[in-house]
Amino acid sequence: MLPELSQLIDLHELDKEILAAEQQLQQLPEELAAFHQELETLEGEQARLQEELSELQKQRREAEAEVTDLEEGIKESRKRLLSIKKTIEYKAMLQEIAYKEDRRDQKETRVLELMEAIESVTRLLAETSQKLEDTRQALSRREAEVAAQMAQLKEERARLEKQRQGLREGLPATLLRRYELISQRRNGTAIAEVRDGVCTGCHMNILPQQFIDLQKGEEILQCPHCQRILFWLGDEAEEGNNLSRQVS
Ligand SMILES: [Zn+2]
């Protein structure tokens with residue numbers, strides 16, 4: 001194989017590694033952003049439940065005050081009942097008392113309903129607060145991990161880029177330009193291995209004469225269909241590939 005072709009293969013491997021590092025460097029902050037979003041949702045839920053709880057407690061205090069007022073009214077009416085002489089007035093007062101007792105019973109039922117609602121919202125609030133606390137802790141752990149991963153990835157990328165720079169300097173400028181042009185057009189894959197006379201970049205057969213030339217390893221050849229720079233690893237590798245394909 002031509003030494004510059006072998007260098008191109010190395011360059012392609014490096015490009016792929018750098019791309020993978022860059023993708024991870026992009027994904028990690030996105031992962032944290034999703035985590036923050038989850039936390040915000042939980043915080044919103046907690047605030048909503050707290051508001052609901054204080055509204056219910058306010059309603060309970062009001063209903064309880066009304067029960068107290070009605071109780072006092074009933075006591076008052078009973079006292080006045082003792083001083084009433086006329087039957088008609090007596091009857092009217094009894095009716096009033098009965099009406100107030102009915103209202104008081106209704107209010108007491110309302111207080112019980114509110115107490116149940118308060119209990120259920122309190123439970124939900126406790127669950128949400130626990131989830132929020134767990135999420136906060138998990139996020140802070142993940143943030144520390146991500147920071148370490150990012151630092152490592154940046155170091156790795158810098159190391160790979162330095163290596164890539166070295167490789168590029170050793171390649172003829174025209175070949176490098178050709179490699180880059182194809183890379184842009186072919187989604188980062190500028191070179192392709194040929195197996196059994198087929199370009200693995202586009203899965204089409206290359207010309208028989210081209211395959212013969214490729215095997216000679218004297219010039220840089222491109223696939224007539226996808227224009228990728230072709231390489232061939234030899235019969236042994238090809239047999240290995242066939243074997244591994246048969247096994248899998
Ligand atoms: Zn091709």
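Cross-link partners for residue 79 among the aspartates and glutamates, with Cα-Cα distance under 16 Å and sequence neighbours closer than 8 places in the same chain left out: 69, 71, 89, 96, 101. Cut-off 10 angstrom, C-alpha nodes, Gaussian network model of the chain. Which of 220, 84, 182 fluctuates the most? Fluctuation is largest for 84.
Rounded to the nearest 10 degrees, the inclination of helix 87-169 to the longest alpha-carbon principal axis of the chain is 20 degrees.
Taking the longest Cα principal axis of the chain as reference, the axis of helix 235-247 is set at about 30 degrees. Comparing 137, 24, 209 in a Gaussian network model of the chain, where Cα atoms under 10 Å apart are tied by springs, the biggest mean-square fluctuation is seen for 209. Relative to the dominant Cα principal axis of the chain, helix 3-83 is inclined by about 0°. Taking packing as the residue-averaged number of other Cβ atoms within 10 angstrom, the listed peptides 188-198, 69-79 run from highest to lowest as 188-198, 69-79. Applying 1/(1 + (r/R0)^6) with r as the Cβ-Cβ distance of residue 144 and residue 61 and R0 = 35 angstrom yields a FRET efficiency of 0.15.
Under a no-solvent Debye model with one identical scatterer per Cα of region 130-239, what's log10 I(q)/I(0) at q = 0.18 Å⁻¹? With one equal scatterer per Cα and no solvent, log10 I(q)/I(0) is -0.94. Kirkwood's formula applied to the C-alpha pairs of region 3-169 gives a hydrodynamic radius of 22.8 angstrom.
Computed from the C-beta positions of residue 41 and residue 106 and an R0 of 41 Å, the FRET efficiency is 0.55 to the nearest 0.05. Under the criterion of Cα pairs below 8 Å and six or more residues apart, the relative contact order for the chain equals 26 percent.
The numbers here are math on the coordinates, done by the rules we state, and not lab data. Being a predicted model, the structure only gives us computed values, none of them experimental. When we count neighbours, we look across all protein chains shown, and the Cβ atoms used for this are built from the backbone with ideal geometry, even at glycine.
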